[in-house]
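Below is one structure, written out as structure tokens, with a few remarks after it.
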Amino acid sequence: MTTTVDFWFDPLCPWAWMTSRWMLEVEQVRDVHTDFHIFSLAMLNEDKDVPANYRQGVEAGRPATRAAIGVLDAAGQQGLRDFYTTLGTKYHPGGEPKNLDTLRAVLDELGHDSSIFERAQTEEWDDRVRASYEEGIGLVGGEVGAPGGLRAGVAVEHVVLGAARQHVVERVAVAVRAAQQRQVLDLARQRVIQ
């Protein structure tokens, strides 16, 4: 039985980027599927006292989170996964600027309608970004970076970036195995009862 991992990301966050790549590796060796959701570092830090240059950076990232909503609407989960992979590759290992030019290039490269780029520069999708952000932050609380939550049936385990990052993929793999074992035990119990 496939375990679904709900993973929240802000394209700007290098820690979310690394963890997302690990999750894709976990998918190759376990019966796991990752669903991506939009997180916003700008929203996380709206009411916090952060350095001006940091605030400027996360505010400049808003168009990418908005574009992620447009891509999700246009191309579904696979499209969002491809968008995040392409944009994240350019931002993080590629070292390209985290700006509108890079965002436009990614949307063009993936063949998305130019209206996504235009609409991402407005506040049109901000309510949807906020709803996704609040769903993710609701799982882990407000003192984190970009969270990834593991959901398996009614069991919820959390992977919170910022704590022992080098062990995240190991914890995810262990949590996935435990969730899968709980599902197998639940099924066995149901069969015994019947």
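The values are calculated or read from the model by the stated rules, or taken from the named source; none is laboratory data. What you see is a predicted model; the values in this text were computed from it and never measured. FYI the Cβ positions are ideal-geometry reconstructions off the backbone, even for glycines, and counts take in every protein chain you see. Accessible surface areas use protein heavy atoms only, side chains included; no ligands, DNA or RNA. Shrake-Rupley method; radii C 1.70, N 1.55, O 1.52, S 1.80 Å.
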Check your understanding: Since His33 meets every condition but one in (1) without any contact (Cβ under 8 Å) to a residue 40 or more places away in the chain; (2) open to solvent by less than 20 Å² (accessible area, probe 1.4 Å), which condition does it not meet?
Key -> (2)
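Rundown of residues vs (1) touching a helix residue (DSSP H, G or I) at 6+ places or on another chain (Cβ under 6 Å); (2) free of Cβ contacts under 8 Å to residues at least 24 places away in the same chain; (3) under 15 Å from Arg130 (Cβ atoms); (4) aliphatic (A, V, I, L, M), yes/no style:
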| position | (1), (2), (3), (4) |
| --- | --- |
| Thr2 | no, no, no, no |
| Pro14 | no, no, no, no |
| Trp22 | yes, no, no, no |
| Glu25 | no, no, no, no |
| Ser40 | yes, no, yes, no |
| Thr65 | yes, no, yes, no |
| Lys90 | yes, yes, no, no |
Check your understanding: Given Val174, Val159, Val168, Val106, which one is part of a helix (DSSP H, G or I), at pLDDT below 55 and either over 17 Å from the mean Cα position of the chain (by Cα) or farther than 20 Å from Ala42 by Cα (or both)?
Key -> Val168
Exercise for review: Name the residue, out of Gly70, Gly95, Gly61, Gly57, that is over 28 Å from His33 (Cβ atoms) and in contact (Cβ under 8 Å) with a residue 12 or more places away in the chain.
Suggested key: Gly57
Exercise for review: Answer yes or no: is there a residue in the stretch 72-79 that is surrounded by fewer than 19 Cβ atoms within 10 Å (Cβ to Cβ), under 23 Å from Ile116 (Cβ atoms) and polar (S, T, N, Q).
Suggested key: yes
Study note, to complete from the structure: Of (1) outside any helix (DSSP H, G or I); (2) at pLDDT 90 or above, Ala68 satisfies every one except (1)
Check your understanding: Of the residues that sit in the stretch 108-137 and are under 16 Å from Phe36 (Cβ atoms) and out of contact with any helix residue (DSSP H, G or I) (no Cβ under 9 Å at 6 or more places or on another chain), which one is surrounded by the fewest Cβ atoms within 10 Å (Cβ to Cβ)?
Key -> Ala131
Study note, to complete from the structure: When (1) more than 19 Å from Val71 (Cα to Cα); (2) not in a strand (DSSP E or B) are applied to Val5, the one that fails is (2)
Revision key, fill the gap. Going through (1) closer than 26 Å to Thr122 by Cβ; (2) within 15 Å of the chain's Cα centre (by Cα); (3) surrounded by fewer than 23 Cβ atoms within 10 Å (Cβ to Cβ) one by one, Ala52 fails only at (2)
Revision key, fill the gap. Taking the stretch 80-91 and keeping residues open to solvent by less than 40 Å² (accessible area, probe 1.4 Å) and closer than 13 Å to Met18 by Cβ leaves Tyr84, Gly88, Tyr91
